There are 2 protein chains.
Amino acid sequence: MSQAPGRLTQRDIARLAGVSQTTVSLVLNNRGEAGARIAPETRDRVLQVIRETGYAADPLARRMLNQLNQILGVFTYEPVFPSTSADFYHPFLRGIEESAERSGCDLLLFTSAPVRDGQRRIFHEDNRLRVADGCVLLGREIPSAELSRLVAEDYPFVCVGRRDDADGRPVPYVGADYVNATAQLVERARSLGHRRFAFVGPGTGAESSADRLTGFRRAAGADAPFLSADAPDPAERLARLLEAGVTAVFAEVEAEAVALARAAAAQGLSVPRDLSMVTLGDPTIPVHSSLDFTGFHIPRPQMGQQAVELLVDVLHGQTSVTQRLLDCELTQGETLGPPAA
Amino acid sequence: MSQAPGRLTQRDIARLAGVSQTTVSLVLNNRGEAGARIAPETRDRVLQVIRETGYAADPLARRMLNQLNQILGVFTYEPVFPSTSADFYHPFLRGIEESAERSGCDLLLFTSAPVRDGQRRIFHEDNRLRVADGCVLLGREIPSAELSRLVAEDYPFVCVGRRDDADGRPVPYVGADYVNATAQLVERARSLGHRRFAFVGPGTGAESSADRLTGFRRAAGADAPFLSADAPDPAERLARLLEAGVTAVFAEVEAEAVALARAAAAQGLSVPRDLSMVTLGDPTIPVHSSLDFTGFHIPRPQMGQQAVELLVDVLHGQTSVTQRLLDCELTQGETLGPPAA
DNA sequence: TCCCAGTAGTAATTCGCATTAGCAGCTTGA
DNA sequence: TCAAGCTGCTAATGCGAATTACTACTGGGA
């Protein structure tokens, strides 16, 4: 019915060049020279028509035959261009874009995925994942059901951020080594003389949360206090920490660190003189604070970049290692100092 | 490669239910009741098998039939996710994304377009424009040669931002009415008592520049001073304006307004007491300034949104009006006041 | 003169699904 | 009794591109 006005097909090209559709296809796919049993003269004629018309193969038709289209999908669990959290997601996307450009691929944003229960879902009636050759997945938390299904269907994809196995099968990813970065920060605190550490934050749910807690526990000991930030009042949380004799606090979220620091200031305590404070990664939500926190940087652009590179390798069957962890750079900051004597 | 091994097809379902593929298709598509001449018994049997197997139609195959791929291209003349200028382009893209989501389309970013002469080009060897059903074009300045070719090829596209005709043929766009917004600001200044106005900025090149100058001239008179910001020294430009007796300056670019204001302050002049200053649109480059400029807002998200809507309409042959101008909202600000007596 | 090999192209088929045309078998109606 | 009209299903076709199988032609050697 709704006839696409100008969609050109190989038949059109064939007609214009006075050859068969097969010939057009051969010209396009044996571009090199090997095995192409097409006279140079003919090939040039066909290519000329293609150039003049700007013909490009229908990606759907090609995917029907399991061909690659140089199209990489990008699936985000939040809108790509939001006002909030833009600052956080952007660097990943910048890396993705950069890498896609280098490998000559176009990026397909799956904006068609409808939001359900406040989240986008990959799998829905009419999911168009297969339009892309493969897909990069971006999101703090990715429902494991979706991951399982992707793995089960053998769909080529790479997550940005480490992921747990899905149904016992490894999930391809390029992640940041939060475990190690967190552990290193604890060690740094220890070498400054701290002995009582505490972790404040969710610590569960997303892998990124769990990894930070894991790193903390590894270095601080399994019995070090772990405070989920549920308690409504920062002052109360601070009080509990001080009661426990904690001298160095590791906050998963920068916002929490800021809240605690403020509560401390309200009590006349100063950071880091009376209490050291470390944040575990770049803020997801922009926070206003004059404090230059000690912590680490997440190598976001690199993660995006390498995710695309890995995906391309996977698509070309050029790799068997599908999981990469990148180091985080520790930042000096000014919120970690020796404990009060 | 990416074909899931055990992927079910209607043929499989048909075999399992002991019917033909056609029947399966009919059962699935005439679900309602109209025209479906399938015995309830048969239909139930088919549905049963579908339920048991979890079969889902391949969306690619479906889309093959109704000619539209639901892929909208987005061509930007700069990278989409840069660190600089992100603030300016983002709102457009947010609108585009939002609208694409609503119309169930995916967005294809043409990251594969190579950069030549410091700019991306649509048309290059092997351009993949036609992979998408149509395309949204984003950029301050779009080479008219490219526009001409798009129009000539009858390729469905919509520009964000007004564009001049290409080779005498109208270019589809959703733009902002800079002419009117600028003229209104001049009128506002006039009603405050100003009589000598000046326009500072390129004023030519991109349509967006030209439109502002046009609006300015329309309201201020063709002989009002127009200063291209070429002169290297802001102080010098300021001097020239004051010499000419100008009391209200209309700066195309916020950065220029800031520079002039600074130069004025250096001479002990204050804005708006000694000199009124108006900026014509949101800053393209973030500028640090404590001044809250009088000017207007560009309805960027709306422009992006409507560009997609228009494109979709064009693709469905549902519209003949392919040019839209949106109003800009004037901002009060504090840099426009009555002229010094 | 005939056969084999090589060259340059085309017809036919495939992917998974929707749609159209059509084919049996069973009522009706006159 | 037979054409006309249903009912319930299937064969055939098409979407656009890739691939396989095949054909038509040209030379060269014996």
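The values are calculated or read from the model by the stated rules, or taken from the named source; none is laboratory data. Keep in mind that what you see is a predicted model, and the values were worked out from it rather than measured. Glycine also receives a Cβ, built like all others from the backbone with ideal geometry; neighbour counts cover every protein chain displayed. With ligands, DNA and RNA removed, areas are computed over all heavy atoms of the protein, side chains included. Shrake-Rupley method; radii C 1.70, N 1.55, O 1.52, S 1.80 Å.
Hey, what D do you get for the stretch B:10-65 in µm²/s if you plug the Kirkwood alpha-carbon radius into Stokes-Einstein at 37 °C and 0.692 mPa s? Reported coefficient: 286 µm²/s.
Put +1 on the Cβ of each Lys and Arg and -1 on the Cβ of each Asp and Glu in the stretch A:178-297; which of A:Ala183, A:Ser228, A:Val258 then has its Cα farthest toward the positive end of the dipole? It is A:Ala183. Among the residues of B:98-105, the average count of other protein chain beta-carbon atoms within 10 Å of the residue beta-carbon is 4.
Quarter the surface of the alpha carbon convex hull of the protein assembly as shown and you get the mean projected area, 39.6 square nanometres. Take the accessible area of chain B alone and of chain A alone, subtract that of the pair, and you get about 4900 Å² summed over both chains, using a 1.4 Å probe. For A:Ser103, the solvent-accessible surface with a 1.4 Å probe is about 50 Å², rounded to the nearest 10.
Length gained on full extension, A:Arg102 to A:Glu243: 45.3 nm, using 0.36 nm per residue less the C-alpha separation.
Summarise the long-distance tail of P(r) for the stretch B:178-297 by giving the % of C-alpha pairs beyond 16 Å. The calculated P(r) of the stretch B:178-297 puts 55 percent of pairs beyond 16 Å.
The residues of the stretch A:95-172 expose on average 36 square angstrom of accessible surface per residue, using a 1.4 Å probe on protein heavy atoms. To the nearest ten degrees, helix B:86-102 and the longest principal axis of the Cα atoms of chain B are 30 degrees apart.
In chain A, the C-alpha radius of gyration followed by the widest Cα-Cα span (Dmax) gives 26.1, 90 angstrom. Each copy carries a label point for A:Gly245 at 7 Å from Cα along the beta-carbon vector; from one copy to the others these points are 8.4 nm apart, nearest first. Could you please state, rounded to a whole Å, how far the C-alpha centre of the stretch A:72-139 is from the C-alpha centre of the stretch B:259-287? Measuring centre to centre over Cα atoms gives 41 Å. Ligands, DNA and RNA aside, B:Arg195 has an accessible area near 150 Å² when probed at 1.4 Å.
Can you work out the FRET efficiency for the pair B:Arg15 and A:Arg37, with r the C-beta to C-beta distance and R0 = 56 Å, to the nearest 0.05? With R0 = 56 Å, the Cβ-Cβ based efficiency is 0.90. Under the criterion of Cα pairs below 8 Å and six or more residues apart, the relative contact order for the stretch B:178-297 equals 26 percent.
At 1.4 Å probe size, with the rest of the protein present, what percent of the exposed accessible area of chain A is carbon and sulfur atoms? Carbon and sulfur together cover 49 percent of it.
Using Cβ point charges alone (K and R +1, D and E -1), the dipole size of chain A about the Cα centre works out to roughly 680 debye. The residues of the stretch A:178-297 present an accessible area of 42 Å² per residue when probed at 1.4 Å with all protein chains retained.
Simple spin-label estimate for A:Asp327 and A:Gln267 gives 3.7 nm between the two label positions (7 Å along the Cα-to-Cβ direction from each Cα). Per residue, the accessible area of the stretch A:10-57 comes to 60 Å² when a 1.4 Å probe rolls over the protein heavy atoms. Peptide B:109-119 has a mean shielding of 4, counted as Cβ atoms of other protein chains within 10 Å of each residue's Cβ. Taken over the stretch A:76-163, the alpha-carbon convex hull comes to 108 cubic angstrom per residue.
Using only Cα atoms, tell me the angle between helix B:207-220 and the longest principal axis of chain B; keep it within 0 to 90° and round to the nearest 10. Result, in degrees: 40.
Interface residues of the stretch B:51-75, defined as those losing at least 50 Å² of solvent-accessible heavy-atom surface relative to the isolated chain (probe radius 1.4 Å), are listed as B:Pro59, B:Leu60, B:Met64, B:Gln67, B:Asn69.
Across the identical copies, the label point of B:Thr204 (7 Å from Cα in the Cβ direction) is separated from its matches by 6.9 nm, in order from shortest.
Dividing the Cα radius of gyration of the stretch A:134-194 by its Kirkwood radius returns 1.20 for Rg/Rh. Between A:Asp165 and B:Asp167, the C-beta separation translates, for a Förster distance of 45 Å, into a calculated FRET efficiency of about 0.15. Across the stretch A:113-156, Cα-Cα pairs more than 18 Å apart make up 22 percent of the total. Relative contact order, whole percent, for chain B stands at 18, derived from Cα pairs under 8 Å and 6 or more residues apart.
Sorted from nearest, the other copies put their A:Ala145 label points 5.4 nm away, the label point being 7 Å from Cα in the direction of Cβ. Roughly how tilted is helix A:40-53, in degrees to the nearest 10 and between 0 and 90, from the longest Cα axis of chain A? Once rounded, one gets 60 degrees. Highest mobility in the GNM of chain A, judged by mean-square fluctuation with C-alpha springs under 10 Å and restricted to A:Asp133, A:Asp327, A:Asp58, is found for A:Asp58. In the stretch B:98-165, which GluC sites (Glu not before Pro) fall in coil by DSSP and have 10 or fewer other Cβ atoms within 10 Å? Sites meeting the loop and neighbour criteria: B:Glu125.
For the residues B:Ile71, B:Ile13, B:Ile122, a GNM of chain B with alpha-carbon springs under 10 Å puts the largest fluctuation on B:Ile13. Against the criterion of solvent-accessible heavy-atom surface with a 1.4 angstrom probe, A:Thr214, B:Thr335 sort, most first, into A:Thr214, B:Thr335. Which part of the stretch A:142-182 falls in the paramagnetic zone of A:Ser320, meaning amide N under 13 Å from the point 7 Å along Cα-to-beta-carbon? It comes to no residues whatsoever.
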